[in-house]
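One structure below.
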Amino acid sequence: MVRLVHTRDRPGEFSILVDGESLTTKAKILSLYRLEGELKPSLVEGGACLVTDLDPEAGGFAWEALLHSIYLHTVYSLYPAISSKSPLRGTQAPADLEHTLNTYRNVACVNRVGELATLRDAAAGRPAVLALPGPSLDPQALAAFSGRAVIIAVGRALPALLSAGVVPDILYMQDTSAYAWSYTCEGITDRLPTVAVANPVAPIHAHLDAFAFVYKAWNCYPFETVSYPKIEEVAPSSASGAYSLARFLGCDRILLAGFDCGRQAPPDSALPGVAEMADTDEELKMPRYRVDRAGPFRITPPGGRTLETKCDYVTSVQWMKSRAMRDQLNADVEVFESSATGFARGNSVLRPAEEFRPADESFRPEFPRQANAYDTRGFIGFFRERFEMLGRVLAQGRLPDGPLPAPFNCVLGGLDQLPAPGAALTDEQKASVLERLEQCLAALRD
């Protein structure tokens, strides 16, 4: 457990306590943002918390330290409870079945899909508007920016924009679930002039014809001959991923519209508050603030209204503030924010939306498209053969003797407990793994 310690008797500094060691540094926000580069991820895997005798929600450095402890705790410890895609623990869980099926089904259209890396600086020097699906998103207000900024619809904000007659230039979809894609694309009857940027394990195959073109965010197939890196290694939310996309395109004035990251808590809210979740650090004899639930919970920004938010929202706020500060220092980027909560503007370089300036003249961004001619037969044949071999073993009512690697271990995802290699399966377990295996084979045959 990493403990950030900030006390009233030493207000100009804070300490990082981990594994019996202590490091003291100046109580500056930039020092918090630098922690990720200074702490080994394995040290934070046990979690992070703030220990202080101050009231964090009263403001000052303790408030920022509270938010950043939630950020560290979420990304490196709590995140596996939210999603198996944790960078630290994802490989220890069975591969996601839906992702595996989409990977195989997307092969049929892989030669009609582009690579995001080809869009580097495609909108260099242009302003961008990120339309985020927060409660305060006002699509009508964004209509004034059509043709004068690169409008990027983030996930489920797309239907609201289209209903208001605003056709975005780009749809950014970090979400991979079939439900999210169906919701986002519901009502699209004719191909949009919009291009889409998608997670490669999303159901691209089912929605390819809804957009002018689709780019996948990184390589995921061994037959791809040109290697393209992810645009951002740690983008904890759709909002932060979309911001990374805007920067990758070369945009230097970015407006975040609808970046609420929560909602105002009603007077009768029964959710626990950050202070209510605090306990006492036995060694330091001070309150310990540790948010161990994904959310939602209540939090009160200094001088603001009490919000209902979640750990991934706080994480997105901290990531955005840190990245915007770094970009402003290194690349003269301006970031603006419009929301009902103003959560992200505290202790940050984010400026009010009223100061955002679109382009003086109208423009239409041009996004290059490349044609692929990959031969996918070897890939499909390899995995079909391996799944068929696995099926013959599972049909005998047991697991293979050795560990089952990804993606083949996706057949184990429906089991409450993972049997050991070579273990006998109950009839219920056998039926579950064979059903999942047949789904994989069907996707490889399509």
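What to note about this one:
- Here is the list for the stretch 264-358: GluC sites (Glu not before Pro) lying in DSSP coil, each with at most 11 other C-beta atoms within 10 angstrom of its C-beta, are GLU276, GLU282, GLU283.
- Note that the stretch 126-141 has calculated 3J(HN,Hα) couplings of 8, x, 9, 10, 9, 8, 9, x, x, x, 8, 4, 10, x, 4, 5 Hz, one per residue in order, obtained from phi through the Karplus relation 6.51 cos²θ - 1.76 cosθ + 1.60 (θ = phi - 60°); glycine and proline are x.
- Relative contact order for the stretch 54-183: 15 percent, from Cα pairs under 8 Å spaced at least 6 residues apart, divided by residue count.
- Prolate/oblate/rounded label for the stretch 345-446 (Cα gyration tensor, a/c 1.5): oblate
- Unsatisfied cross-links (Cα-Cα over 29 Å) in the set LYS216/LYS321; LYS310/LYS430; LYS40/LYS430: LYS310/LYS430; LYS40/LYS430
- Cα gyration tensor shape of the stretch 110-218, rounded if a/c is under 1.5, else prolate or oblate by comparing a/b with b/c: oblate
- As a length-normalised measure over Cα pairs under 8 Å and 6 or more apart, the relative contact order of the stretch 187-307 settles at 14 percent.
- Accessible area in square angstrom per residue, the stretch 1-140, 1.4 angstrom probe: 43 Å²
- Remark: the chain carries a charge dipole of roughly 600 debye about the Cα centre, counting +1 on each Lys and Arg Cβ and -1 on each Asp and Glu Cβ.
- Looking at the stretch 361-400, the accessible area is 65 square angstrom per residue; that uses a 1.4 Å probe and ignores ligands, DNA and RNA.
- Positive minus negative residues near THR74 (Lys, Arg vs Asp, Glu; Cβ under 11 Å): 0
- Carbon plus sulfur fraction of accessible area for the stretch 239-326, probe 1.4 Å, in percent: 46 percent
- Dividing the mean sequence gap of close Cα pairs (under 8 Å, 6+ apart) by how many residues the chain holds gives a relative contact order of 18 percent.
- Extreme residue, positive dipole direction of the chain, given options CYS49, ALA442, SER15 (C-beta unit charges): ALA442
- Here is how the number arises for the chain: DSSP H runs of 4 or more residues each give -39500 (n - 2.57), the sum is divided by the residue count, and the result at 222 nm is -8500 deg cm²/dmol.
The values are calculated or read from the model by the stated rules, or taken from the named source; none is laboratory data. These figures come from a predicted structure and were not determined experimentally. No Cβ is skipped: glycine too gets one built from the backbone with ideal geometry, and neighbour counts run over all protein chains shown. Protein only, heavy atoms only, side chains kept; ligands, DNA and RNA dropped before computing areas. Shrake-Rupley method; radii C 1.70, N 1.55, O 1.52, S 1.80 Å.
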